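Novice: My structure is below; once you've seen it, I'll send some questions.
The values are calculated or read from the model by the stated rules, or taken from the named source; none is laboratory data. Just so it is clear, the model here is predicted, and its values are computed rather than measured. Backbone-built Cβ (ideal geometry, glycine too); neighbour counts: all protein chains shown.
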Amino acid sequence: MLEQIQTLTPRVTGMRDRFPELESYIQNKEWVNIRSFIHGPMGELRLRLGRVANQLLPNDASQAKALIDDLAVHLERLDAAAADYNQVESGKQYRLALDDFDAFFELVPSLPAE
């Protein structure tokens, strides 16, 4: 289990480093870039998170899967807000998506240092 998590997690945590890029697009009202980012780099996020969640203990896995669903909803709402040129709603949904992402990784066991 830990070996699988160790293999899968870096691919997903790298996406966390890209969230500020999305935030910048929102602040600058770059609507096309927001939508492209959600459908491009963030497009595989749900699938990758699901692979990590499947390696967690059953209780943590069910919580993780709920967070993945919540994250997807917030990204969909962010996409819709960007389509409507709504910066306030875009910012709100961004923050909620980021909170879900961070909460997901609180469920992932820390890997031992090598």
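Novice: Looking at Arg51, is it modelled with pLDDT under 95, part of a helix (DSSP H, G or I) and touching an Asp or Glu at 6+ places or on another chain (Cβ under 9 Å)? Walk me through it before giving the result.
Specialist: On the way: modelled with pLDDT under 95: yes; part of a helix (DSSP H, G or I): yes; touching an Asp or Glu at 6+ places or on another chain (Cβ under 9 Å): no.
No.
Novice: Let me ask something else about it. Could you check the range 76-91 and list, in sequence order, the residues that are surrounded by 14 or more Cβ atoms within 10 Å (Cβ to Cβ) and either closer than 12 Å to Asn28 by Cα or not basic (Lys, Arg) (or both)? Give the steps one after another, and end with the answer.
Specialist: Residues of the range 76-91 that are surrounded by 14 or more Cβ atoms within 10 Å (Cβ to Cβ), as a first pass: 77-82, 86-87, 89-91.
The answer is Leu78, Asp79, Ala80, Ala81, Ala82, Asn86, Gln87, Glu89, Ser90, Gly91.
Novice: Just to verify a result, which residue in the range 37-48, among those that are assigned to a helix (DSSP H, G or I) and touching an Asp or Glu at 6+ places or on another chain (Cβ under 9 Å), is surrounded by the most Cβ atoms within 10 Å (Cβ to Cβ)? First the steps, then the outcome.
Specialist: First pass over the range 37-48, keeping only residues assigned to a helix (DSSP H, G or I): 37-39, 45-48.
Filter once more, keeping what is touching an Asp or Glu at 6+ places or on another chain (Cβ under 9 Å): 37-39, 46.
On the way: Phe37: 23, Ile38: 19, His39: 11, Arg46: 13.
Only one residue fits best here, namely Phe37.
Novice: Which condition does Ala81 not pass, out of (1) closer than 16 Å to Leu8 by Cα; (2) modelled with pLDDT of 95 or more, if it passes all the others?
Specialist: Against the list (1) closer than 16 Å to Leu8 by Cα; (2) modelled with pLDDT of 95 or more, Ala81 comes up short only on (1).
Novice: Hey, could you check the range 9-31 for residues that are of a type in the set (D, E, K, R) and at pLDDT below 95 and say which is surrounded by the fewest Cβ atoms within 10 Å (Cβ to Cβ)? Full working, then the answer.
Specialist: We begin by selecting, within the range 9-31, every residue of a type in the set (D, E, K, R); these are 11, 16-18, 21, 23, 29-30.
Of the ones still in play, those that are also at pLDDT below 95 are 11, 16-18.
Working: Arg11: 12, Arg16: 13, Asp17: 8, Arg18: 13.
Going through the qualifying residues, I end up with Asp17.
Novice: Still on this structure, please answer the following. For the range 12-36, name all the residues that are in a loop (DSSP other than H, G, I, E, B) and either touching a residue at least 40 places away in the same chain (Cβ under 8 Å) or on the phi > 0 side of the Ramachandran plot (or both). Break it down into steps so the answer makes sense when it comes.
Specialist: Here is the first cut: in the range 12-36, the residues in a loop (DSSP other than H, G, I, E, B) are 17-18, 28-30.
The answer is Lys29, and nothing else.
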